[in-house]
1. Suppose we filter the stretch 61-85 for residues that are in contact (Cβ under 8 Å) with a residue 24 or more places away in the chain and surrounded by 15 or more Cβ atoms within 10 Å (Cβ to Cβ); how many remain?
2. For the stretch 91-115, how many residues are farther than 18 Å from Ile50 by Cα and modelled with pLDDT under 95?
3. Give the residues of the stretch 1-10 that are within 14 Å of the chain's Cα centre (by Cα) and farther than 18 Å from Phe97 by Cα, sorted by residue number.
4. Please identify the pairs in which a residue from the stretch 120-146 that is over 15 Å from His94 (Cβ atoms) has its Cβ atom under 6 Å from the Cβ atom of a residue that is among the polar types (S, T, N, Q) and buried (at least 18 other Cβ atoms within 10 Å of the Cβ), counting only partners at least 6 apart or on another chain.
5. Hey, among Thr38, Thr54, Thr3, which residue is of a type in the set (S, T, N, Q), under 30 Å from Pro115 (Cβ atoms) and surrounded by fewer than 15 Cβ atoms within 10 Å (Cβ to Cβ)?
Amino acid sequence: MDTGLLHLHNLLRWVILILLLLSIVKAFTGWQQKRAFTGGDRRVWLFTLIAAHTTLLIGIEQLLWGRFGILKVTIPEGESVMKNSFFRFFWVEHPLFMVLATIFITLGYGMAKKPVADNIKFKRAFWLFFIALLMILVAVPWPFRGEGIARPLFPGMAA
């Protein structure tokens, strides 16, 4: 089950990235073209929110009970979490950045429900989604990361 959830978590990163890029484009074009906020804009932002929250929940499960979960693994004798690059990344950096990114995505979606001018709605959502994207790009264990942190682009591929 751990492997299946890890693979799902890995695949959902691509769903989030695609939806987040689409949300950013919709927010930017809406802001620049001064167009009216539509139900289509809201739906894309909602799907981005759902994908982010689903991935976050699976990630929390992996953090606690996954193959290298906090509740399943002990740190080698004489080491600390912050001195071990593997545990620091997967127990501290990755979860922290992903929780923050999910918060920014949630705030971005929240703009869809605010009674503000559409131009302001698009502008604020754009920046919130953009910051979330940057956080995600920084904290994903890309194949070029090294240090035992690297993960394959797609599940089942060699790192």
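1. 4
2. 2
3. Residue satisfying the conditions is Leu8 alone.
4. Final answer for the pair search is Phe129/Ser23.
5. Thr38
The values are calculated or read from the model by the stated rules, or taken from the named source; none is laboratory data. Keep in mind that this is a model prediction, so the values were computed, not measured. Note: ideal-geometry Cβ built from the backbone for every residue, glycine included; neighbour counts use all protein chains shown.
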